[in-house]
Amino acid sequence: MDNSKTIVTHEKVESNNKSGINYTTVVEQFGCQLIDNELISKVKQVVKKDTLHPVLENNIFFAHRDFDALMDKCLHEKKNNFYIYTGRGPSSTNLHLGHMIPFMTAKYLQDIFDVPVVIQITDDEKYYQTNSNIPFEQYRQYAFENIKDIIACGFNPKKTYIFLNSIQNTHFSHNSVKIQKRIKLQHFKNTFGFTDDDNIGKVSFPSYQMAPSFASSFPILLHPPTDDNPQLDSFYNPISSFFGQIINPDAHKEYLKQLSNMKCLIIAAVDQDPYFRTLRDIAPKINEPKPIVIYSRFIGSLQGKDKKMSASVNNSSIFLTDTSKQVKKKINGAFSGGQETLELHRQLGGNPDVDVATQYIEFFSGDTEMVAKVKEDFRSGQLLSGELKKKCIEIVNNILDEHRQNREKITNELISEFMSIRSLI
Ligand code: TYM
């Protein structure tokens, strides 16, 4: 009998089992579906490839909502009429390795499907959530540094829009209004655990994370540019949009209908599900399509896979700014599935299921066969813990070196380009 207990919320991820979170339980609790081989084959058919990135092949993205239906639609229509939506809630100037997973994957999917990506930077979110006196302006500073790390993942500037809630939420405020109207406070208390002591910003915030899941939140970005489309002009300027809607309501409706054919694929770790499962219930009530989601597992903390790597938990993370020496020290000290002594390890073998370095190799090596061999050799006792950690240190440092080089090239002009409103189609 499995007695493991798993807690996954938007703020907390924990299990009482060193092998990590029980993802089967999570899928059952949340009511989403597992990504299986059949679905992976469909993705391959759509993108016409024999193999996919290990984040998909190795089931690091393990759960979904309607991703199979989206792939069927792409196959049927012979085009990929969707955009990708992901985001970051800045809580410091630094991202950790776990944050890389959704962005790395969004960039990969942008390349293979050739679709637009919108990236929300919720500089309001952690300001509401934290009980410290950090001034709001500080969150913009965090956002600025985080945006550089996100761009350094290699997104296509022609097809990617990055926006900051505190300055750019006018685009989707009409959808946030509709969402807020349909959610009862009691529902949010149950879903997010809000209490009467919480500030009201925390309570209103989720609607701002939900609204970008509708293409109608981004009329300019997700509509092909046309010189003679008056609606495009009217949407661009909120005041003329207001008049356009009143003077020509039919054209306005037609315009929205066209946009609603464009589906949204959300990419996140599974802690973000409370937002999107709530939104999927509301979508039909406001005549919007349900967003599609794929969810990843969590990269474990350095202390063990029973907790996620988290910027707010001391010593749990490898940061993108860590030097190669720091990475070496952190991984050498990480929780190991190896035996106490060399003799015992050779005799009994190690346990890759609880071993932190094995998981980092799995997430970042990009080599499915190598991961299988590492696990097998560690389990048989042939590969020692120190040897396995050495491999892991090399892989992580290579990734961080490349990332640093990309980041150094990012200028303020490039950031402005990513943040400017233009058609991504
Ligand atoms: P944030 O900033 O906490 O995290 C950014 C993204 O990283 C994922 N993540 C992880 N993935 C794997 N292993 C980990 N240890 C790990 N820790 C965090 C998160 O699931 C997230 O996808 N509210 C969001 C920001 C946001 C967002 C979105 C995320 C706004 N709109 C749309 C996804 C989709 C947040 O605070 O993420």
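The values are calculated or read from the model by the stated rules, or taken from the named source; none is laboratory data. Here the structure is a predicted model, which is why all the values come from computation and not from measurement. All Cβ positions, glycine included, derive from the backbone under ideal geometry; neighbour counts span all protein chains shown. Note: accessible area is taken over every heavy atom of the protein model, side chains too, but ligands, DNA and RNA are not part of it. Shrake-Rupley method; radii C 1.70, N 1.55, O 1.52, S 1.80 Å.
Which of these, ILE246, ILE410, ILE151, has the largest mean-square fluctuation under a Gaussian network model of the chain (Cα springs below 10 Å)?
Top of the fluctuation ranking is ILE246.
How many Lys pairs in region 311-405 lie less than 20 angstrom apart by Cα atoms, where the lysines are 8 or more positions apart or on different chains?
18
If you line up the long axis of helix 37-47 against the longest principal axis of the chain, both from Cα atoms, how many degrees apart are they, to the nearest 10?
That helix lies at roughly 50 degrees to the long axis.
Summarise the accessible area of region 15-56 (1.4 Å probe, protein heavy atoms) by the percent that is carbon and sulfur.
43
Ignoring ligands, DNA and RNA, what percent of the accessible area of region 256-302 is carbon or sulfur (1.4 Å)?
43
Under 1.5 on a/c is rounded, so check that first for region 303-356, then, if it is not, pick prolate when a/b is larger than b/c and oblate when it is not; a ≥ b ≥ c are the square roots of the alpha carbon gyration tensor eigenvalues.
In terms of gyration-tensor shape, oblate.
Under a cut-off of 21 Å between alpha-carbon atoms, report the lysines in cross-link reach of LYS409, not counting same-chain residues fewer than 8 places apart.
LYS107, LYS148, LYS158, LYS159
Once the Cα atoms of helix 67-77 and of the chain are each reduced to a long axis, what angle between those two axes, in degrees from 0 to 90 to the nearest 10, is obtained?
Around 60 degrees separate the two axes.
Rounded to the nearest 500, what is the 222 nm mean residue ellipticity of the chain from helices alone, with -39500 (n - 2.57) per DSSP H run of 4+ residues and division by all residues?
Value at 222 nm, helices only, nearest 500: -15000 deg cm²/dmol.
Identify which of PHE62, PHE214, PHE335 has the largest mean-square fluctuation in a Gaussian network model of the chain, with springs joining Cα atoms closer than 10 Å.
Ranking PHE62, PHE214, PHE335 by mean-square fluctuation puts PHE335 first.
So how exposed is PHE113, as accessible area in Å² (1.4 Å probe, rounded to 10)?
Surface accessible to solvent at PHE113 totals approximately 10 Å².
Taking the radius of gyration and the Kirkwood hydrodynamic radius from Cα positions alone, what is the Rg/Rh ratio for region 307-391, to two decimal places?
Reported Rg/Rh, Kirkwood definition of Rh: 0.98.
What is the ratio of the Cα radius of gyration of region 278-425 to 2.2 N^0.38 Å, with N the residue count, to two decimals?
1.38
With everything on Cα atoms, drop me the angle between helix 238-247 and the longest principal axis of the chain, reported from 0 to 90° to the nearest 10.
Result, in degrees: 50.
Using the Cα centre of the chain as the reference point, and only Cβ charges (+1 on K/R, -1 on D/E), how large is the resulting charge dipole? Debye, rounded to the nearest 20.
That gives the chain a dipole magnitude of about 180 debye.
Divide the volume of the convex hull of the Cα atoms of the chain by its number of residues and quote the answer in cubic angstrom per residue.
Roughly 156 Å³ of hull volume per residue.
What is the chain's relative contact order, in percent, from Cα pairs under 8 angstrom and six or more apart in sequence?
Reported as a whole number, the value is 21 percent.
Taking the Cα centre as origin and putting +1 on Lys and Arg beta-carbons and -1 on Asp and Glu beta-carbons, what dipole magnitude results for region 310-411, to the nearest 20 debye?
Rounded to the nearest 20 debye, it is 380 debye.
Set Lys and Arg Cβ to +1 and Asp and Glu Cβ to -1, take the dipole of the chain about its Cα centre, and tell me which of PRO274, ASN397, SER365 lies farthest positive.
So the residue furthest toward the plus end is PRO274.
Show me the GluC sites (Glu not before Pro) within region 1-106 that DSSP assigns to loop and that have at most 15 other Cβ atoms within 10 Å of their Cβ.
Of the GluC sites (Glu not before Pro), the ones in loops of region 1-106 whose Cβ has at most 15 other Cβ atoms within 10 Å are GLU11.
When the convex hull of the Cα atoms of region 1-110 is projected onto a plane and the area is averaged over all directions, what value comes out in nm²?
8.7
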